[in-house]
Amino acid sequence: MDHFLYRDGSLWAEDVSVAEIAAQVGTPFYLYSTATLTRHFRLFDEALDWGPHLVCYAMKAASNQAILKTLAAEGAGMDVVSGGEYARALAAGVPGDKIVFSGVGKTHDEIRAALTGGIRQFNVESEPEMRVISEVATSLGVIAPITVRVNPDVDAKTHAKIATGKSENKFGIPIARAKEVYAEAARLPGLKIVGIDVHIGSQLTQLEPFQQAYQKVADLTEALRADGHDITRLDLGGGLGIPYTRSNEAPPLPTEYGAMVRDTLAHLGCEIEIEPGRLIAGNAGILVSKVIYVKNGEGRDFLILDGAMNDLIRPAMYEAHHDIVPVVEPAPGVEQQPYDIVGPVCETGDTFAKERMMPPMQAGDLIAFRSAGAYGAVMASEYNTRPLIPEVLVKEDQFSVIRARPTYEEMINRDNVPVWL
Ligand code: LLP
C-alpha cells in the first residue's frame, strides 16, 4: 500500500496534488511519501516484535538525509556499504551502535572511520578483509564487533544481476568453510565475534529461498556455538520484494516473513537484524515526468519524456518494469492505446516501456513512474549533462524540496581546468 492515490481526478501524494508540486518544482523529479516510508518501516518492526530485533534500513535504496531522518525517528538502524553512506547515516543523527557496515570491499579508511565514529558491527565478506579489520582495530586500540557473511549457496530466484547467495557470486564466504573462518576470527586480536550475517539477493518474491538460507544459518549457529563462539546476533540481510505491477503475483508480506523467521530461528535466542531497502523505500516514491512530444513512428507511437535513463536506470539495467500512470486520472471507459515510452537520450536503451497501454496522451501531460523510491535517485547520473533531478518529500499537506536541481553553472564549475589550458 502507498499514499499516491487519485483524488478529484488527479494524482495526489498524501494531501498534496502532484501537479501542484510539478508546477512549483519543475519536472522531472522524485517524490516521496513520509506516510508510506514510516508505514513500511513499522510493518517490519512489528513483524519481528516476537523477540529482540533491529531493522537496519539498507540506505543504498534511497539515502537522502530527509529520508534517513524520517526513518531514524522511527527507531531504524542503518545498513551502510561505504564510507560515504556511513557519514550520511551519522549526519542524519543515527548513532554508531545502530549502524551495521556491509559491503564486499571495505577499505582501511572506511574501517578506521567506522571504528572511530562507532559501529554496531562489520559484516565481514572475506578473510583478507577480516584480517585488515583486526589490524586497524588493533592500531586504534579498540575491538571491532563482527559477523561473517556466509554464502549459503541458495538460488534466490531473482534477476541474475541482483542475486547474491549462490556460490558463484562474489559475496561472503562459502558456508562450508565457516567453521574455519570463525576459528581464525576468534584468534585475531582486534575482533569480537557477535553473530552471523547472510543476504541472498534482492526483489525476492517467495519465502522459500529465505527459509532455506535461514535454516542453514540456524544449523551453523549451533555448530559455531559448539565450537565455543558467542553467537548472539543474526543479520538476515534484506531482499523482500515489492509488487511492481498490480497484476503480479503478490510477494510475501512482512508479517509472513517475520513469522517464517520466528519459526526458523527464534529457538536460538539471538537478536535478529534485518536490512530491508526496497520494501521500505520502493513504493514510497514516484518519479514525475512530462511528455515533451508525442511522435508518430512507423507502426508505433512514442511518448518522449523529459525524464531519461540517467534519472531512472532500472528499466535499462535490469529490464525492470515500472507502472507508468498519467497524473490526470483517465476518464472511466476511456480507450487506451499502446505507446513506447522513452527518454531523450541518444541510446535505444533509453526506453522505459514498450507498447505500454495508456490513455491518449499529449505534449505537456504529466506522468508518474510508480515504485521508483528505491534504487531510483541514488542510481541517477548526469549523463548527457542532464542535472540530477530534485527530490521532494511530502508529509500530509506539506512538501519540501529535499535536494534541489543543480544549475548548469554549478555542474560546470565542478570541473577544474588545468593551468596549461
Ligand atoms: N543488504 C545487503 C547486504 C544488500 O546487498 C542489499 C541490496 C540489501 C541489504 C537491501 O536489499 P533490498 O531489501 O533492497 O532488496 N539496484 C538494484 C538492487 C540492488 C540490491 C543490492 N543489494 C535494483 O534496482 O533492483
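Derivation of every value follows stated rules applied to the coordinates shown; laboratory data play no part. Treat the numbers as computed from the prediction; the structure is a model and nothing was measured. Don't worry about glycine lacking a Cβ; one is built from the backbone with ideal geometry, like all the others, and counts go over all protein chains shown.
Pair-distance distribution P(r) for the chain, from all Cα-Cα distances in 20 Å bins starting at 0: 26, 52, 21, 1 percent.
With the largest listed first and rounded to whole Å, the semi-axes of the equivalent ellipsoid of segment 199-352 from the Cα gyration tensor are 44, 16, 12. Where both bridge residues fall in the chain, DSSP classifies roughly 50% of the beta bridges as antiparallel. Computed from phi, the 3J(HN,Hα) profile of segment 171-182 under the Karplus parametrisation 6.51, -1.76, 1.60 (θ = phi - 60°) reads 9, x, 10, x, 4, 5, 9, 4, 4, 4, 5, 5 Hz, with x in place of Gly and Pro. A simple spin-label model places the labels of residue 225 and residue 177 2.7 nm from each other, with each point 7 Å out along Cα-to-Cβ.
Among beta bridges identified by DSSP and lying wholly in segment 34-281, the antiparallel ones come to about 5 percent.
Going by alpha carbons, how many degrees (0 to 90, nearest 10) lie between the helix axis of 108-117 and the longest principal axis of the chain? It works out to around 80 degrees. Among 77-83, 291-297, 311-317, 340-346, sorting by the average number of other beta carbon atoms lying within 10 angstrom of each residue, highest first, gives 77-83, 311-317, 340-346, 291-297. Taking every alpha-carbon pair under 8 Å whose residues sit at least 6 apart, segment 34-281 reaches a relative contact order of 22 percent.
Peptides 6-16, 34-44, 399-409 ranked from most to least packed by the mean count of surrounding Cβ atoms within 10 Å: 34-44, 6-16, 399-409. Residue 215 versus residue 157, label points 7 Å from Cα toward the beta carbon: distance in nm? The modelled label-to-label distance comes out at 1.4 nm. Computed over segment 335-421, relative contact order equals 17 percent, with contacts defined as Cα pairs under 8 Å that lie 6+ residues apart. Ranked by the mean number of other Cβ atoms within 10 Å per residue, highest first, peptides 186-194, 225-233, 282-290, 208-216 order as 282-290, 208-216, 186-194, 225-233. In order along segment 18-26, the Karplus-derived 3J(HN,Hα) couplings, from 6.51 cos²θ - 1.76 cosθ + 1.60 at θ = phi - 60°, round to 5, 5, 5, 5, 4, 5, 7, 9, x Hz, and Gly and Pro are given as x.
Which whole-number percent is the relative contact order of the chain (Cα, under 8 Å, 6+ apart)? Write out the running numbers ahead of the final one.
On the way: 942 pairs, mean separation 83.2, N = 421.
That works out to 20 percent.
With contributions of -39500 (n - 2.57) from each DSSP H run of at least four residues, the per-residue ellipticity at 222 nm computed over the chain stands at -8500 deg cm²/dmol. Dipole of segment 34-281 computed with +1 at Lys/Arg Cβ and -1 at Asp/Glu Cβ about the Cα centre; of 257, 36, 159, farthest Cα towards the positive end is 36. With N the number of residues in segment 34-281, Rg(Cα) / (2.2 N^0.38 Å) evaluates to 0.95.
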